[in-house]
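Everything on this sheet refers to the single structure shown next.
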Amino acid sequence: AEGTCAKEKLAAAQKALARKSFFRPAPDYDVAERQFKGAGMDFKLCGDIDAAINAYEQAADCALKTKNKFSAAGYFETAGKMAQDKKTSADLENALRLYDRACTLFQESDNVTGAVEIKFRIGRSLFRTDAEKSAKFLVEASNLIDISKNDAVTIDVFSLTLNVLVKTRKLAEALKHVRRYSKYCKAIGRRDQLFKNNLTETILLCAIGDVAAADQALMDHFQNSDYLQQAEAATAEDLIEAYRKLDGMKLEALQKGRGFRFLENE
């Protein structure tokens, strides 16, 4: 029944696109948009996902004709989710194409959060199968974030981005990222995460080989007297001392500790 209904809505949409007269020189894009959207919903219900994706794309095109970029972005995002759920490599490429259009339109309609959420969703889905591509999308998501605003998804985006940058050994980029993440944590009062980030900064500087900079960063972190009392601060001090003394056993023991493990679990 849904399939028949969907085809009727497609026909109605096509009719609206063809409807022109002396008093209406342009097609009725509003009606066509609603009909394509309805057809997309019905096709999805009856399991014809390719037809559903196509209908939502056409709804998006109609929305763009009336300069409604926000609605168009939503249609492209919905189509992208359906393509991604099909899970074949060709469908994933199609999903990325649709998501890309959605992100652009969200940004153009001043809905940066919508673009961040899409890029985060892609990066998260690729995290275990293609870390390099995951890093690309997660860094893009992070760079779009306005750190003066407290959006629900921000901590998740920053944390997973840091994780994937460490995983792919992009340590200089991870260092730049964790410093921006820390600014955000300070702005919203997330001391627990800020203290973790302080330790992460120390770890990254040591891993890069700049122990002097790690020591200076630690002194800067100690400007917050509360950090002095934290386990992360003690681990940071021990790490710098072990690096200075080239104490391999101590470094190995520290690396097995909680301060390092949380990087893998962000």
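Only Cα pairs under 8 Å and 6+ residues apart enter the sum, and on that basis the relative contact order of segment 79-192 stands at 17 percent. Once the C-beta distance of VAL112 and LYS250 is scaled by a Förster radius of 45 Å, the resulting FRET efficiency is 0.50 to the nearest 0.05. Starting from the Cα gyration tensor of the chain, take the square roots of the eigenvalues, sort them a ≥ b ≥ c, and report rounded, prolate or oblate (rounded when a/c is under 1.5, otherwise prolate if a/b is larger than b/c, else oblate). In terms of gyration-tensor shape, prolate.
Taking label positions 7 Å along the Cα-Cβ direction at both GLU132 and ASP226, the computed distance is 4.2 nm, reported to one decimal. Spacing of the modelled spin labels on LYS176 and LYS20, each 7 Å from Cα toward Cβ, amounts to 5.0 nm.
Once the 1.4 Å probe is applied to the protein heavy atoms, the chain comes out at 53 Å² accessible per residue. The trypsin sites (Lys or Arg not before Pro) found in segment 52-122 that occupy coil by DSSP, while having at most 15 further C-beta atoms within 10 Å, are LYS67, LYS87.
Here segment 39-72 and segment 193-231 have alpha carbon centers that stand 50 Å from each other.
Hey, what did the chain get for relative contact order, percent, Cα under 8 Å, at least 6 apart? After rounding, I find 9 percent. When the listed pairs LYS167/LYS256; LYS87/LYS183; LYS119/LYS183; LYS15/LYS87 are checked against a 28 Å cut-off, the alpha-carbon distance exceeds it for LYS87/LYS183; LYS15/LYS87. Ligands, DNA and RNA left out, the 1.4 Å accessible surface of the chain is 50% carbon and sulfur atoms.
The values are calculated or read from the model by the stated rules, or taken from the named source; none is laboratory data. Nothing here was measured: the structure is a model prediction, and the numbers come from that model. Every residue, glycine as well, gets a Cβ built from its backbone with ideal geometry; the counts of neighbours run over all protein chains shown. Quick note on the areas: whole protein, heavy atoms, side chains included, nothing else; ligands and nucleic acids left out. Shrake-Rupley method; radii C 1.70, N 1.55, O 1.52, S 1.80 Å.
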